[in-house]
Structure formats: C-alpha cells, structure tokens
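Worksheet: one structure, shown below.
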Amino acid sequence: MGSESLAEFELLVMLAALRLGPKSAYTVSIAEDIRSRTGRLVRRANVFTALRRLEEKGFVASHLGDPRPERGGRPPRLVTVTPKGVAAVHATTDAIRAMMADLVLGKVR
Amino acid sequence: LSAPRWTRALLRRLARPDEIEEVLGDLEEAHRTSVARRGRLIASALTAIETLDMAAALLRERRRSPRTLPVVSWLDLKLGLRMLVKHPALSLVSALGMTLAVAIGTSAFGAIHAITASRLPLDEGERIVTIQNTGWGGLGQERATHLHDLPLWRSAMRTIQGFGAYRIVTRNLLTEDGDVTTARVVEMTASGFDIARVPPLLGRTLIEADERAGAADVTVIGYGVWQDRFGGATDVLGRTLRIGSTPHTVVGVMPQGFAFPINNRVWAPLRLNPLDHRRGEAPAIDVFARVAPGYSLGDVQVELTTLGARLAAAYPDTQEEMQPRVYPYTQELIWGPTAWFLRLGQVLASMLLVVIAINVAVLVYARTATRSDEIVVRSALGASRARVAAQLFAEAFVLSSLAAAAGLFVARWGLEWIAMMAVWPMGEQVPFWWDFSLTPAAAAYSFGLAVLAAVIIGVVPALGMTGRRLRAGLQNVASRAAAPRLGRTWTTLIVAQVAFAVAVLPVGLNAVGSFFAGGPRPTNLTLDGFLSARLDFEEDDRPAAADRTDMIQARQATLSAVAQRLEAEPEVSRVLLMEVSPWGDPDLRFELEGREPPAGESFGALESAGTGTLVGTSRVGPEFFEALGVPLVTGRYFTRADVAAASDVVVVNHVFVEHALAGVSPLGRRIRFGTSGNPEPGTEEAVWYTIVGVVEDHWGGFTARPEAKAFLPMKPGGPLPRYLAVELRGDPAPFIRRVLEVASGVDPKLQVTRLVPLADVYRDGEGPLRVIALTLAALALSVLLLAVAGLYALMSFTVVRRRREIGIRAALGGTSYAVLRPVLARALVQLAVGVAAGLALAALTDRALGGEMLSGRGAVLLPMVAALMTAVGVAAAWGPARRGLNVQPTEALRAD
C-alpha cells in the first residue's frame, strides 16, 4: 500500500512539526521554524490552512494546549504528527531521493 | 502591547467558534514577537497585513468546508422526548395546538387534492381531455355552440384520437314493477365508451347506430342500477326501463365503479342533430376527447386555436368572441379562478400551522432561553451554530412529528367527515374520480408541516441564541449578571392573542352550541306527520314561447290531479302545495301605498328581511296556515275563493307589522313587491295587494329571529308550486313509495325528489354548516389553548428571570403576597388589556352584523368568555408564580 505523498509546502510544515515535537508545534512556531531555516517568508495563514488540510487527511492530530502569557492568555493548538503522517513524509522524501539519484544538478543547469 | 483591536474583532468574527482561541492566540503571539523585533509601528503594519491574509484564509476555509446539514442523532431525539416529558403541560398544549392545525391543514389539503388532483381511474385517463368553447357569454351559451363545432373538430383534428359528447338530464326511472326514482341520466355518444376503454359486464355498450333518429330506444345501465332495480337478474338484457316517458330496452350493464362521464349510472344515446337547431341555440353539450398518442395538451390547443379562428371568421355572430380551449378532463370543473381560490384556501390552511408554530415557538423559546447557559457552554466546547440548531430542531421535531401523526389521524376522520357532510349529499353531481381517502400526498404534506413547524420552533430561536448574543452569553455564564429577556414584540403578541381568543371564542362557542343543539334552531311550526317533496317537470329541449301558457296550465292541472289523488288516499289527511319551502322564500323589496318607497338604500347584503325594505314572500294555498299551525292575529286567512278568483290579497306576519307599519293596524293597507329579477317595486306595473290578515311569526332553520313575511295566495297561471307537503295520519316514511307511484301515474314527466319528512327540509344546508361550525370551534379552542399557554410561558419566563429577586425577597422575610405581587402584576395587566380589547372587538363585530354572529346570545356569551379567560389566565399565571415562591433563597443566591 503506497502512502499518500505531500506537496512541497506541506512537507515543510510536516518536517517542522516533527522537529519541534508535540509540545511546541503550532501555527506560529512552525511558521517561524520554516522561516529561520529556509529563509523564505512564510505566511501564517498558509501554515494555518496547511495544518487544517493535513489534519483532515489524518497526517496530524491537534489539541488545545495550556494558555500562555505571550499569547494573551490564550492556548495554542498543538499538533502531533501521526504515524500515517510519518509514513507520508517518508513516501515523499523517498520519492524525491529516488528522483535525484544519479542526477548531477550542475549539468542540468 | 496587544494586537490592534480591529484585527482581533475581525478574526473573532470570521473564525469558527472552536478556532477563536487559537487564532487570536496566534495573532497575539505573532504581533508581540514582531513588536519585539521591529518596533511598534512596523509591527502594527505587518500585523494588519497578516490579519487580512488570515481573514482571507478563514473565509476560504469557510467556503471550502462542505455545508453538510448537521446530522441529527438518536441522542437528540431522545433528549427531545425527555424534554417533552419534563415539561408535560407545555408539551401537551403545544402538541394539541399543532395537532389541530395539522388536522385542519391536512384535511383542507386532502379535500382540495381530491378535487384538483384526483386522477381519472381509466386506462390512460390522463390523456382524456375536455374541449370547451370559452368566451364572454355565460357558460350555457358557450356550450350551446358545441353541437355545431363538434363535426368540424372531429373531422379536422389530428391530435385527437376520438371525440365524445354528452349532456346530463334529470329523468324519472320506472322499472317494470312500477318502482320510480329520479336520476341524472346521461345522454352520451357511443364513442364515449370507446374513449373510456371499459368493456361492458353484460351485453354491449351503446353503438353509433343507436344515435340515429328512429333507432330503437336503448339504454346501458350501471352495476348499481342492475342490482337495485333489477335485483341483479341475469336476464336483464332486453327488459324495459322507462326513462321519463319513453320505455328503453336495456342492452348492456357496465361493471361496478364505472360512472363516466361524471357520476352516472344510466346511459342513453345522444340524439341531437345539428341540422335541427340554429347555430348557437342548440342544447348545451359537453365535449371530451382522447388525445392521440405522441401529442400533448399544448399540441391540441394549437390545433384548436387555428380551428377556432376559422370558425370565428365563418360565423362571426356566434363565434367571434369564442375561443376553444382544452383542459385535463378532471379539471374541467375547477379551472381558472376556482383553482386559484382552492389554492388560496390551501395556503391559508397551511398558514394556520405557521401561526400556531410561531406561537409554540414563543412558548418553547421561554424554555430555550432558560437553557441559554447550556447552549453557550456547548458552543464553547466546539458545537457549531448548525449543530446547536440541529439539536433544537430535533427536539422540536419530536414534538411536531408527534403532533403531525396525531393530526394525520384526525385528518383521516376529518376528510371522511367533510366528504360525508358537504360532498356526498351532492349525490350524482360529485365526479366519480374524487377520492377523499387519505393519500400518500396528504401524509407527505403533514410530514412537511411537521418539518416546517420544527424549523420555526427549533431552528429560528436556536439561530437567535447562537448569534451575536452568544459571546455576551459566554461572559454571563460566569457572572449571571443578565438573564435573557422576552422582547416587547412577544409581549404584545401574547396580549393580542388573549384579545383574539376573547373575540373569537364566543363565535366558536356559539358554533359549538348550535352544532350540539342539532344544527339549526327548532321551529314553532307544526311539521310532524308531514312528508315533503320537491316537484320538478322534465324539461323539453325548447318549449316554443307560444306554448308556454298552455304548458303552465297543463302542469298546474297535473299538480292539482296529484294533490286530489293523494287526498283520496286513506292515510292522507291534507295535501299542501307551496311555491317554496317555508324557509326558502325569497326576500323581495316592498312598497306600502301612500308611503315613499325607501330611497337611496343599496340592495346590499346586510339588508335582511324585516329591516324595513325587504320581506320574505311566498305563494301558498289557503290551508297553509292552519295545517302548519300559524295562528291568526287579526283579519282573516286566504280562502279557496281568493285562490279561485285570483284575488290580490296578502297576509302578513307580526314582524312585518312591527317593522314596516310600526304596529299600526295594517288591514286594508295596500302593498306591492319587486321581483327577484327587478327588485324595485315601483319600476314596473306591480300589482297592489290588499292586506287582509295578520298571522303570528314563525321561525326555524338558520334564522335567529322571526323575519318579516308576506303570504300571497297561489294563483292560476302564476308560478308553479315547487313543494308538496302531505300530512299523514300515521308514520310518513312508509308512504314515500306511494307518493312516487301516484305522481308518476299522473304524469311520468313529473319528478318528485327529496321526499323527506317536512321537518327535515329546514335542515337543508346543515352539512356544510356543521363542517364550518366544528372547524370554527376547533380554531377557537386552539386559540384559547395558545393564549393560555402564552400567558403561562410569559409568567414562567418572568419568574425565571426574577428568580434571584424572588429568592432575596423571600430570604428577607417578604410575605408571599409581597413577593409575588410585582411578578403577577405584569401578567394580570396584560390579561386585563387583552380581555378588554377582545370583548370590545367581539361586541362591535356582533353589533355590525346585527347580532347574527352570536345569534343574539352575546349578552350571555361575552361575559362568560371574559370570565373564563380571566380565570384560565390567572390559573396559567399562578402556576409559575407559585413555583417562584418555592425557590429556595439559598439556591437562588448560590447561583451567584
């Protein structure tokens, strides 16, 4: 059974969520993580929307965390990557790796 | 340090309830980080951009999320059932009100559906159509052109497979054993049987040869006639049935249930030759046809329109304004305005449920409002607005579907009852395809009503409570600062309802009273022992005008002969001939000699006999007064000499003298009358009649009070008597057959119908009246119920709202009176205002209608209803108020 694969931005979100872990992965932290590592400007709204899609597909699960003072006393929605999500990440990265094997990027350019 | 207020407000508005915390938290965190990094000004700008971006995402998300209707779970239904049990009084009142509404609505739907949508139970019955000329003339005039148009239609139309025509005539049926009845005989073309596609049970149907002039007189009879009149004899074919004065040979028997074209049991060939009549003056016939395969009604109409234009050009005198139209066969009788009227009735009947459902919604809202905390908490826990609405819908649907089921059950009887009271008495005029059983369509309709009611009761308040108020509510859950309020509109509604109940209830009670008193009021006439009958003569196709006087004389002779023969019977003590029944006399305008005719008054509907310009007139024989027990006050009755000499004398009653002559002795005064065709007495050469006697008043039937009457002697050459009354020494019932035998023995064309005891004649029209009376009563009852429930709900609501106040007052040692007074006061004021307004409305309406509305019982009914309403209202308010007293102070205060 082949796992569903992820779109590029979804993959970034999933990887960030895996890195941050279930206690600190949520919209703002994920957006910040991607921004700091890739240097690209990440719109919070896109992360929010992507997380909704991923949750619908069953790749992540979410729950409200504890209220935090820096959030004006409001709780974040913490996300946990599900085993199905991990499988999807593997499927996607494997596919990329497979496609890149033997490829000499310099020549393409 | 916080994000700008507008950004929070915007996102709060757009986010789903379960997302709000997260989205606002994200906004806040991102904004604060941004402020720390880039300073306040830039951060605000960035946050603004991000907020708009986020808002767009939320909107997209919202549109994307499939708008599936939230599923109603079994748990919701169970909860709904539990709510019903928990509030039994509320449930019962709501359910009763809605049951009534559903019953009335579904009965109306069923009846209208039976009339408008019943299918013709024949093979491909939907392809049978009626073709009719329509125009500006009266219907009879239009149908008088059919006989001449039919041959052209028949030869020219490709869209029609076969044409048929018929006319219905009333005839006496006489079997070989001398048994007479009157029936509506249909004279139909032989093709009618082919179009109906029903083979005979015995023998044959009519054939074209039967239609030729000079052919043998044959008839086809229905199953019922075969069974009843021929005892189901197998050798019925070839036997004789006399139709009117002509013996017909029975050639066929149709199977049970066949009654085409309207509701007929006896068929004779239609023998009308267009050559015998001038165009436009032929006897009226109805035309029907079967549409050829592959063509629609529209195709037929196109062809007809072309033909119509050709005919109009050829015969401008008769056809210029005529337009042939095709109708579905079953809708011939209910086209155009009638159909609209019926549909309007349907809408109104359905509106009743809407009104009642809104009332119930008000009641339930009082309950829902007390559950606002629950709803707020549910929403906070992530229940969407739709989910909350679905839950309340389910609860309401439990109630409304129970009511609908009960209503459907009642409607089944209601329909049968409507049919029995108002439809079947029309006998053979009722089309055979009308089906008054409860159809699946009616069941679906009542289910639809249940859903509609549940939406009104459940969904509308749910949306109201989960809207903008929700957030306010969320804050209040903790503080309990504000309780829900019952709007001013609803308070007004309840007052209006009480007023309406008080205004309508007397009418309903009066209707119920009349109904249980056995319909119309009893009469003071002596009617026992009388058998009455209606007299008609078989109409010839066209009596020449010159023969008219002869004809009337001949008919009068016939009637005299019948009367004489009946009087000769040993059981008969007296025979009366009357122009009209004692209750059917037409009201005519009159003029007293030497007094200005009343001028400038309209011949309006509100003018009733005895008001000074109208008087009920009828021609009677000299025996009338004594026989029916109408005592003489002064002067004299008619004599046989008056009748023989055609004297211009008149006997009036007491009411007439009171009203028209203000009690002055009327003897010798002269009076003349208008006619029903020309109501003004002075405009034609009306005869002056001399008043020779005054009799006591009589009443009965549907008139509440005795009316002004003038009795004229029957005169030779005058109007023919239409009513026969035979006084018998014994039981009238067994004598019915003898009356028929005597009448048909004298003249087979004399039709004697409605042979019933005279006492029953004044019950004419009772059936529809009962339908109206019971419907009114049911409506009045539901209005009363809802008004009471409204008061109850109002009180409950007030008590809930003032729970704390009541608790504190009670804790501080207030007496029950002191505690309850302010609570009760509001309800009582509303009750008083409602009752007063209702009374005024009822009294004014009754007066405007001249006391007819309450049959003169207003003085009793109005105070009774006011007292009842007050008592019931106080009781309704008292229950919740008492419950308020039982509020434990500690409990009320603990809520804080």
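Return an integer: the convex hull volume of the alpha-carbon atoms of segment B:188-249, in Å³ per residue.
In segment B:188-249, the Cα hull volume divided by residue count equals 91 Å³.
In whole Å, what are the extents of segment B:269-366 along the principal axes defined by its C-alpha atoms, from largest to smallest?
77, 32, 31
Modelling each spin label as a point 7 Å along the Cα-to-Cβ direction, I'd like the B:ALA645/B:ARG271 distance in nm, to one decimal.
Computed distance between label sites B:ALA645 and B:ARG271 equals 5.0 nm.
Please turn the phi angles of segment B:24-41 into ³J(HN,Hα) values with the Karplus equation 6.51 cos²θ - 1.76 cosθ + 1.60 (θ = phi - 60°), one per residue in order, whole Hz, x for glycine and proline.
My calculation for segment B:24-41 gives 5, x, 4, 4, 4, 5, 5, 5, 5, 4, 4, 4, 4, 7, 10, x, 5, 5 Hz in order.
Select from segment B:8-47 all residues whose loss of accessible area on going from the chain by itself to the full protein assembly reaches 20 Å² or more (probe 1.4 Å).
B:ASP18, B:GLU19, B:GLU21, B:GLU22, B:LEU24, B:GLY25, B:ASP26, B:GLU28, B:GLU29, B:ALA30, B:ARG32, B:ARG37
Please give every one of the aspartates and glutamates within straight-line cross-link reach of B:LYS78, meaning a C-alpha to C-alpha distance under 12 Å, and leave out same-chain neighbours fewer than 8 residues apart.
B:GLU395
Tabulate in residue order the Karplus-calculated ³J(HN,Hα) for segment B:157-172, using 6.51 cos²θ - 1.76 cosθ + 1.60 with θ = phi - 60°, rounded to whole Hz; enter x for Gly and Pro.
Taking θ as phi minus 60°, the curve returns 8, 8, 7, 10, 7, x, 10, x, 8, 7, 9, 10, 10, 8, 9, 6 Hz for segment B:157-172.
With the Cα gyration tensor of segment B:190-343 giving a ≥ b ≥ c as the square roots of its eigenvalues, does the rule (a/c under 1.5 for rounded; else a/b larger than b/c for prolate; else oblate) give rounded, prolate or oblate?
Working: a/c = 2.31, a/b = 1.64, b/c = 1.41.
The shape class here is prolate.
Mind ordering A:43-55, B:495-507, B:427-439 by average Cβ neighbours within 10 Å, highest first? Spell out each step's value before the answer.
Working: A:43-55: 20.2, B:495-507: 24.1, B:427-439: 16.9.
Per-residue mean Cβ counts within 10 Å order the peptides as B:495-507, A:43-55, B:427-439.
Quote the accessible area belonging to B:LEU59 in square angstrom, nearest 10, computed with a 1.4 Å probe and with ligands, DNA and RNA left uncounted.
70
What is the average number of partner chain Cβ atoms found within 10 Å of a Cβ in A:14-27? Mind showing how you got there, number by number?
Working: counts 0, 0, 0, 0, 0, 0, 0, 0, 0, 0, 0, 0, 4, 7.
Average per residue, whole number: 1.
If you count only protein heavy atoms and use a 1.4 Å probe, how large is the accessible surface of B:ARG636, to the nearest 10 Å²?
Rounded to the nearest 10, the figure is 90 Å².
Mind checking Rg over Rh on segment B:51-209, alpha carbons, Kirkwood formula for Rh?
Details: Rg = 30.9 Å, Rh = 23.9 Å.
Reported Rg/Rh (Cα atoms, Kirkwood Rh): 1.29.
Per residue of A:51-63, count partner chain C-beta atoms within 10 Å of its C-beta, then hand back the mean as an integer.
Details: counts 0, 5, 2, 0, 0, 1, 0, 0, 0, 0, 0, 1, 0.
Counting Cβ atoms of other protein chains within 10 Å of each residue's Cβ and averaging gives 1.
In what sequence, largest accessible area first, do A:MET14, A:MET100, B:MET421 appear using a 1.4 Å probe?
Details: A:MET14 0, A:MET100 95, B:MET421 35 Å².
Sorted by accessible area, descending: A:MET100, B:MET421, A:MET14.
If the cut-off is 20 Å between C-alpha atoms, which aspartates and glutamates fall inside it for A:LYS84, apart from same-chain ones fewer than 8 positions away?
Partners found: A:GLU4, A:GLU8, A:GLU10, A:GLU55, A:GLU56, A:ASP94.
If amide hydrogens are placed 1.01 Å from N in the peptide plane, which non-local residues have theirs closer than 5 Å to the one on B:ALA282?
none
Probe radius 1.4 Å, ligands and nucleic acids left out: which of A:ARG77, B:ARG729, B:ARG204, B:ARG64 has the largest accessible area, and how do the rest follow? Write down the numbers at each step before the final one.
Details: A:ARG77 45, B:ARG729 165, B:ARG204 80, B:ARG64 100 Å².
In descending accessible area the options line up as B:ARG729, B:ARG64, B:ARG204, A:ARG77.
What does the average come to when, for each residue of peptide A:72-82, you count the partner chain Cβ atoms lying within 10 Å of its Cβ?
Numbers: counts 11, 4, 10, 3, 5, 7, 1, 0, 0, 0, 0.
Across the residues of A:72-82, the mean count of other-chain Cβ atoms within 10 Å is 4.
Which percent of the Cα-Cα distances in segment B:341-436 go past 24 Å? Before the final figure, lay out the partial values.
Details: 2165 of 4560 pairs.
Here the tail beyond 24 Å accounts for 47 percent of pairs.
With just the Cα atoms of segment B:1-137, tell me how far they stretch along each of the three principal axes, in Å, largest first.
88, 52, 33
Whole-Hz ³J(HN,Hα) for each residue in segment B:502-507, computed from phi via Karplus 6.51 cos²θ - 1.76 cosθ + 1.60 with θ = phi - 60°, x for glycine and proline: what do you get?
For segment B:502-507, the Karplus curve yields 5, 6, 8, 4, x, 5 Hz.
Please give me, ordered by residue number, the GluC sites (Glu not before Pro) of segment B:125-223 that lie in loop per DSSP and have at most 16 other Cβ atoms within 10 Å.
Details: sites: B:GLU126, B:GLU142, B:GLU176, B:GLU187, B:GLU208, B:GLU211; in loops: B:GLU176.
Passing sites in segment B:125-223 are B:GLU176.
With only alpha-carbon atoms counted, please give the Rg and Dmax of segment B:286-335, in Å.
When restricted to the Cα atoms of segment B:286-335, Rg and Dmax are 12.2, 36 Å.
Compute log10 of I(q)/I(0) for segment B:78-130 with the Debye formula, placing one identical point scatterer on every Cα and leaving out solvent, at q = 0.14, 0.17 Å⁻¹, to two decimals.
Evaluating at q = 0.14, 0.17 Å⁻¹ gives log10 I(q)/I(0) of -0.59, -0.68.
With every protein chain kept in the model, how would you rank B:LYS78, B:LYS749, B:LYS709, A:LYS84 by accessible area, 1.4 Å probe, largest at the top?
Working: B:LYS78 120, B:LYS749 60, B:LYS709 15, A:LYS84 100 Å².
If we order B:LYS78, B:LYS749, B:LYS709, A:LYS84 from most to least accessible, we get B:LYS78, A:LYS84, B:LYS749, B:LYS709.
How much of B:ASP177 can a 1.4 Å solvent probe reach, expressed as accessible area in Å² and rounded to 10?
Around 100 Å² of this residue is reachable by solvent.
Provide the descending list of Cα extents for chain A along its principal axes, expressed in whole angstroms.
Taking the Cα atoms of chain A, the three principal extents are 54, 34, 19 Å.
The values are calculated or read from the model by the stated rules, or taken from the named source; none is laboratory data. Not measured: the values here are computed from a predicted model. All Cβ positions, glycine included, derive from the backbone under ideal geometry; neighbour counts span all protein chains shown. These area figures cover heavy atoms from the full protein model, side chains too; ligands, DNA and RNA do not enter into them. Shrake-Rupley method; radii C 1.70, N 1.55, O 1.52, S 1.80 Å.
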